Amino acid sequence: MGKDAASWAGRVRLAALIGGCVAVVLAAVSCGPKDEPAALVAGAEEPLLLLDDEPVALAMADGTDNSRCFVCHINYAQETLSRRHAKAGIGCETCHGASDAHCSDENNITPPEIMFPREQIVAACLECHEQAAMAQIEAHKAVFHPGGAEAKVCTDCHGKDHRLAHRTRRWDRRTGELIEDDSVRMSLPQSLPEP
């Protein structure tokens, strides 16, 4: 056998070895549960996003997966209201809806499915929190008496940091209409100049 033939035979064996290794890896990966994509087969404690933030991992470990929201709203991963709700198994979607269109909108002009005008906040919180128990707490009495303490709502005390400090977009919370947009966008001119 000539030197070129031996070199070529060695390359073929190496390619076969590499191909065999790839086949073994692919076979191992595809042996996960049939109802899940192989790429998502991981331990129960494994987050889908590679985030090192302890609050994110904590929230997700309790069965509340806010990872879709934290892609853009990572500041909420450490925010008290979000963390307390996540520990109780209540995620962003519980209050704001799945908001698929909002999550998929790369231009960020689609509002979340559910937003709460100030006058609807107390009623929204009472969907889960029992009014009788809340009304017994001295600090809450102003909330349950019309006009009391300038008609306070839950988020005046709970979740002050749940509001964004700087918004690039603002929607009418009743209609979902975009009312303010101070983001910077790159766009082509409507018409190109004639050469």
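The values are calculated or read from the model by the stated rules, or taken from the named source; none is laboratory data. In this text the structure is predicted, and so the values were computed from the model without any measurement. Here Cβ is always computed from backbone atoms with ideal geometry, including for glycine, and neighbour counts include all displayed protein chains.
General observations
- None of Ile137, Ile109 is in contact (Cβ under 8 Å) with a residue 24 or more places away in the chain and more than 16 Å from Asp65 (Cα to Cα) except Ile109.
- Search result, residues across segment 99-129 that are within 13 Å of Cys154 (Cβ to Cβ) and not in a helix (DSSP H, G or I): Phe116, Leu126, Glu127, Cys128, His129
- The one condition from (1) loosely packed, with under 10 Cβ neighbours inside 10 Å; (2) modelled with pLDDT under 60 that Gly147 does not meet is (2).
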